[in-house]
């Protein structure tokens, strides 16, 4: 069972990496790093904070965008090209196929977030006063490692980026040591972004199991918007909107995943909130995400099991 899911996940990742959309979003992420530097230059000695805040926000935004697009189109593409039929004719269950597609999407997003995190940490190191040579040298060395690995792995070169992206982020974490607190904010934000994207990708997988790409993207984006606003919806003033409307919004806020959990205030990510250690908060957020992901994938598997392909 595990091997079948893994094969589907790796094949989904390979198809996603070759898509031009992912390259375009990564280019946009690098442009955001440059934009953060420009904006920081106009701040009053808050360059490091601007880079960290904009970088952490961009990780969440671009990660969700990739999850929505891949989750909406990956399964439909298989159905449109009819490549799903020979796959499901083999000894593989439909839920295994669906979970494999989801894990492939998450693997793609994780590689993107790790690589983008490394770029943000490198920019953060420069803004924090780290010498240019200490930033450029590891950066060039990691690119060299990637080039050598790609050249040696002819038939599996697309998978080289999986361990390399994580190693790249770890190296740049070390380089960004002058910005001790802000690098913690960026890394904690990256982990929270992955947890949030896990829920969004599971939502897209659920909707894709029974609807078209357009409806999948629309429904997923709508639930994402509601989830980010769930705290506000749960406290709609009854005097202004009426008791029935307030209770209705409160009910929606309880059912929809509270995605506001994954964008906590800056002091919490810096570890400045008493009694709320940042890494414990990140762990609880990951457990919260795992609960919703499991429930959504179970629902998607049941819907996909009953779907008629004729």
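The values are calculated or read from the model by the stated rules, or taken from the named source; none is laboratory data. Because the structure is predicted, anything quoted here is derived from the model rather than measured. For neighbour counting, all protein chains shown are included, and Cβ atoms are generated from backbone atoms with ideal geometry for every residue, glycine included.
Quick notes
- Lone unmet requirement of (1) under 25 Å from residue 211 (Cα atoms); (2) surrounded by 19 or more Cβ atoms within 10 Å (Cβ to Cβ) for residue 305: (2)
- Residue in the range 143-156 that is modelled with the highest pLDDT, counting only those that are exposed (fewer than 15 other Cβ atoms within 10 Å of the Cβ) and under 15 Å from residue 18 (Cα atoms): 156
- Looking only at the range 75-99, and only at residues there that are closer than 20 Å to residue 218 by Cβ and over 22 Å from the mean Cα position of the chain (by Cα), the one that is surrounded by the fewest Cβ atoms within 10 Å (Cβ to Cβ): 80
- Failed condition for residue 72, given (1) surrounded by fewer than 22 Cβ atoms within 10 Å (Cβ to Cβ); (2) under 27 Å from residue 259 (Cβ atoms): (1)
- Filter pass, residue 18 being out of contact with any helix residue (DSSP H, G or I) (no Cβ under 6 Å at 6 or more places or on another chain), more than 19 Å from residue 208 (Cα to Cα) and surrounded by 14 or more Cβ atoms within 10 Å (Cβ to Cβ): no
- Whenever a residue of the range 272-283 is within 14 Å of residue 189 (Cα to Cα), its partners that are not in a loop (DSSP other than H, G, I, E, B), lying with C-beta atoms within less than 7 angstrom and at least six residues away or across chains, give the pairs 278/184; 278/188; 278/268; 278/269; 281/268; 282/188; 282/191; 282/192.
- Residue 71 under 17 Å from the mean Cα position of the chain (by Cα), more than 30 Å from residue 177 (Cβ to Cβ), assigned to a helix (DSSP H, G or I) and free of Cβ contacts under 8 Å to residues at least 40 places away in the same chain: no
- Pairs meeting the criteria (first residue in the range 239-255 and within 29 Å of residue 288 (Cα to Cα), second residue part of a helix (DSSP H, G or I) and at pLDDT 75 or above, beta carbons under 6 Å, at least 6 apart or on different chains) are 253/230.
- Residue in the range 149-156 that is more than 19 Å from residue 29 (Cα to Cα) and in contact with a helix residue (DSSP H, G or I) (Cβ under 6 Å, 6 or more places away or on another chain) present: yes
- For residue 257, the conditions (1) surrounded by fewer than 16 Cβ atoms within 10 Å (Cβ to Cβ); (2) in contact with a helix residue (DSSP H, G or I) (Cβ under 7 Å, 6 or more places away or on another chain); (3) not in a helix (DSSP H, G or I) are fulfilled apart from (1).
- Just one of the listed residues (28, 54) is under 16 Å from the mean Cα position of the chain (by Cα), free of Cβ contacts under 8 Å to residues at least 24 places away in the same chain and more than 22 Å from residue 293 (Cα to Cα), and it is 54.
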